[in-house]
Amino acid sequence: MSVLMVNESADFSTLKELLGVTDGNLASHTKALELENYIAIEKQFIGKKPNTSYRATKEGRKAFQDHINALEKLIQKR
């Protein structure tokens, strides 16, 4: 989610490289985020190659910011 918070969108290859995860791991995590409506997935062809891109939804951005705020509250309590 952090990658999608600072970028309008990112494709599968970019996310895989930045996060250092396997295809299966990335696919399962993006599917879970999509089911919660935190990300939108767009599939298209660029030339003859399939391309999957991801973007954070409004709900996803809010959930991520709420998570960061909760973490900051935990840090402040120390």
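The values are calculated or read from the model by the stated rules, or taken from the named source; none is laboratory data. These numbers come from a predicted model, not from an experiment. Note that we place each Cβ from the backbone using ideal geometry, even for glycine, and neighbour counts take in every protein chain shown. Just the protein is used for accessible areas: all its heavy atoms, side chains included, with ligands, DNA and RNA removed. Shrake-Rupley method; radii C 1.70, N 1.55, O 1.52, S 1.80 Å.
Gain on full extension, evaluated as 0.36 nm per residue between Ile75 and Gln44 minus their Cα-Cα distance, stands at 7.0 nm.
Rolling a 1.4 Å probe over the protein chains gives Thr22 an accessible area of about 90 Å². Relative to the longest principal axis of the Cα atoms of the chain, helix 58-77 runs at roughly 30 degrees. Computed over the chain with a Gaussian network model linking Cα atoms closer than 10 Å, the most mobile of Lys16, Lys43, Lys31 is Lys43.
For the set Lys16/Lys43; Lys31/Lys73; Lys31/Lys58, the pairs lying more than 22 angstrom apart at their alpha carbons are Lys31/Lys73. Of the residues Leu18, Leu33, Ser53, the one whose Cα sits farthest towards the positive end of the charge dipole of the range 11-56 is Ser53 (charges of +1 on Lys and Arg Cβ, -1 on Asp and Glu Cβ, taken about the Cα centre). With θ taken as phi - 60° and the Karplus curve 6.51 cos²θ - 1.76 cosθ + 1.60 applied, the whole-hertz 3J(HN,Hα) list for the range 7-24 is 10, 4, 7, 8, 8, 4, 4, 5, 4, 4, 5, 5, 8, x, 10, 7, 4, x Hz, x standing for glycine and proline.
In the context of the full set of protein chains, residues of the chain present 78 Å² of accessible surface per residue (probe radius 1.4 Å, heavy atoms only).
Extension gain for the segment His67 to Glu34, taken as residue separation times 0.36 nm less the Cα-Cα distance, is 10.2 nm to one decimal.
Using the Cα gyration tensor of the chain, with a ≥ b ≥ c the square roots of its eigenvalues, what is the shape: rounded (a/c below 1.5), prolate (a/b larger than b/c) or oblate (neither)? Here the chain falls in the prolate category. Rolling a 1.4 angstrom probe over the chain with all protein chains present gives an accessible area of which 54% lies on carbon and sulfur atoms.
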